[in-house]
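The structure appears below as structure tokens.
The values are calculated or read from the model by the stated rules, or taken from the named source; none is laboratory data. Not measured: the values here are computed from a predicted model. Neighbour counts are summed over all protein chains in view; Cβ atoms, including those assigned to glycine, are modelled from backbone coordinates with ideal geometry. The protein model used for the area step is the full one, side chains on, heavy atoms only, and it has no ligands, DNA or RNA in it. Shrake-Rupley method; radii C 1.70, N 1.55, O 1.52, S 1.80 Å.
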Amino acid sequence: MQKILFSFLIILLTVTTASAQVEPDTTWRRTFSAGINLNQAAFSDNWKAGGISSIAFNSHLDARADYKLGKTSWDNAVQMQYGLLKNKGEEQRKSIDRIFLDSKYGYAISSDWNTFVSANFLSQFTRGYEYDVDADGNDRLISNFLSPGFLTFALGAEYKPNPYFSLRLSPFAPRFTFLADDAVAANERYGVPEGKSVRTEWLAAMVQATYNRDIFTNVNLRLNYMSYINYKELSGKRIDHMLNSTLTAKVNRYINVNLMANFIYDYDQDSDVQYNQSLGLGILYTMQGFTVR
């Protein structure tokens with residue numbers, strides 16, 4: 001199963017960088033952006049106003065490769081975020097960690113509607129901890145790559161009235177929740193039954209919405225929303241919700257200010273809303289409409 005998942009990841013990542021063409025290919029629309037943000041603060045030991053010296057590093061990558069020919073379309077997206085934080089007197093800690101891959105094959109049935117099949121994958125790169133859980137300052141391992149990992153397939157219809165907004169409605173969306181690390185499983189189950197490493201939800205629905213647009217000159221807003229509904233556990237508090245948002249303001253070609261936030265509600269993980277947020281000034285490199293050779 002892990003070999004299949006790694007193959008799926010490689011295929012989606014390769015889409016953004018492979019497709020040898022000699023002449024410009026108007027059937028493909030490609031975009032790529034990657035950025036690094038650094039935050040640093042320093043205080044002398046006798047600084048009376050209070051504070052703690054720290055340094056933080058955040059990186060993010062966003063790539064797309066969309067194909068369209070006649071009524072047929074194939075859209076692929078990769079989103080990755082990773083960050084580290086080091087406060088004086090503490091060990092280095094992870095501040096943000098996210099992998100999201102999405103691939104969708106569609107066929108137009110009207111100017112605004114497509115039928116589609118899709119697959120998406122969500123996980124994180126490295127180990128994550130709940131820090132200082134007891135009086136001795138011990139940490140508790142609560143996540144790792146594929147622990148959890150979510151692989152979701154979907155079949156449905158997509159409403160896409162313009163290039164910057166889309167809404168997917170999937171009445172059939174089976175999902176596989178992976179818990180590959182036994183050390184994580186000892187502390188958190190993420191809905192996976194005891195004694196198993198995979199939970200399968202066959203009868204489920206999914207709703208996805210995306211918005212990606214320049215709302216002002218040099219200011220871009222990107223929103224990705226997803227809800228997941230298991231027919232066997234059909235109640236308001238059992239519906240999963242996930243919202244990823246990024247607001248990017250360009251200072252010049254390479255310097256940018258960005259605000260990122262992720263919100264998750266998943267009853268199998270926690271009965272309250274989870275969120276993380278980061279704000280940074282950094283370097284952003286972008287390419288659009290390029291041809292892969």
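Some observations on this one:
- In order through the stretch 211-218: 3J(HN,Hα) via Karplus (6.51 cos²θ - 1.76 cosθ + 1.60), integer Hz, x for Gly, Pro: 9, 9, 7, 6, 8, 9, 4, 6
- The residues ILE229, ILE215, sorted by heavy-atom accessible surface at 1.4 Å with ligands and nucleic acids left out, run ILE215, ILE229 from largest to smallest.
- Exposure rank, largest accessible area first [TYR225, TYR82; 1.4 Å]: TYR225, TYR82
- Residues in the stretch 273-288 carry Karplus couplings, in order, of 6, 9, 8, 9, 8, 9, 10, x, 10, x, 9, 10, 10, 10, 9, 9 Hz; the curve used is 6.51 cos²θ - 1.76 cosθ + 1.60 with θ = phi - 60°, and Gly or Pro positions show x.
- The simple Förster model, with R0 at 25 Å and r as the Cβ-Cβ distance, assigns SER235 and ALA261 a FRET efficiency of 0.40.
- Gaussian network model of the chain, Cα within-10 Å springs - most flexible of SER147, SER33, SER54: SER54
- The magnitude of the dipole of the stretch 199-272, with charges of +1 and -1 set on the Cβ of Lys/Arg and Asp/Glu and taken from the Cα centre, is near 400 debye.
- Computed extension gain for LYS94 through ASP112, at 0.36 nm per residue and net of the alpha carbon distance, reaches 2.3 nm.
- Taking the protein heavy atoms of the chain in the context of the full set of protein chains, the accessible area attributed to carbon and sulfur is 59 percent at 1.4 Å.
- Total charge dipole magnitude, the stretch 94-237, about the Cα centre, Cβ charges on Lys, Arg, Asp, Glu only, Debye to nearest 20: 600 debye
- Accessible area per residue, Å², the chain with all protein chains present, probe 1.4 Å: 56 Å²
- By a 1.4 Å probe calculation restricted to protein chains, ASP272 has an accessible surface near 100 Å², given to the nearest 10.
- Positive-end residue of ASN256, ALA209, ILE239, charge dipole of the stretch 203-256 with Cβ unit charges: ASN256
- Summing Cβ point charges (Lys, Arg +1; Asp, Glu -1) relative to the Cα centre of the chain gives a dipole of roughly 1000 debye.
- Straight-line reach from LYS88: taking Cα to Cα under 29 Å and skipping same-chain neighbours fewer than 8 places apart, the lysines in range are LYS48.
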